[in-house]
Amino acid sequence: MRYPQGGGLSAERQAFRERIRMEAVTMFAEGRGNPDIAKELRVGVRSVQRWRRSWRKCGRDAVRSRGPVSLPKLSDTLFAVLEEELARGPLAHGRPDQRWTPARIKTLSGISQMLRRRGWSHQVPARRAVERDGTAVAGWVKEAWPHLEPPRRRSGPESSSRTKPGPR
């Protein structure tokens with residue numbers, strides 16, 4: 001499970017998972033089978049198999065946590081600078097409107113994934129724009145969109161996706 005603030009497991013969750021793996025190691029030593037261990041610990045059999053292979057190969061330490069998978073790409077200081085620039089808004093950076101798109105953030109920071117790790121998300125307007133023309137939008141959806149959308153697969157007796165011939 002991912003958390004937007006840290007980009008990985010929380011310290012408590014990581015410790016919990018390591019306890020589960022250590023319980024599995026104890027059960028390996030007792031000679032218990034993988035399905036029994038998986039059922040008791042409420043994990044997948046594949047995970048238990050992977051842990052057992054590591055345990056046989058390198059012992060108890062092979063099953064221990066190795067810490068976070070990756071380190072943050074920006075330090076807290078640099079991220080604070082980025083947040084200040086984002087708070088200034090796109091207009092301050094020469095953009096024509098008030099939207100931060102991933103491409104715009106990328107040109108500003110070079111890192112959009114890091115923003116999601118820190119709790120930033122894509123924004124959706126709470127209200128529709130006053131300038132919105134509903135009839136123009138409806139017309140576009142009826143006229144232009146069908147030409148842009150890829151054709152859908154047909155279904156029915158004459159469809160090539162059927163494995164058996166349909167009723168005649």
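The values are calculated or read from the model by the stated rules, or taken from the named source; none is laboratory data. Predicted model, so just to flag it, every value in this text is computed and none were measured. A quick note on method: Cβ atoms are made from the backbone with ideal geometry, for glycine too, and the neighbour counts reach across all protein chains shown.
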Whichever residue in the stretch 84-103 is surrounded by 13 or more Cβ atoms within 10 Å (Cβ to Cβ) and under 15 Å from residue 121 (Cβ atoms) and, among such residues, is modelled with the highest pLDDT:
86
Leading residue by the ranking (nearest to residue 57 (Cα to Cα)) among those in the stretch 29-46 that are over 26 Å from the mean Cα position of the chain (by Cα) and basic (Lys, Arg)
32
Per the list (1) in a helix (DSSP H, G or I); (2) at pLDDT 85 or above, residue check on residue 43 breaks on (1)
For residue 68, state whether it is modelled with pLDDT under 80 and outside the structural domain of residue 105 (by TED's automatic domain parsing).
yes
What are the residues in the stretch 104-141 that are assigned to a loop (DSSP other than H, G, I, E, B), modelled with pLDDT of 75 or more and small (Gly, Ala, Ser), if any?
129
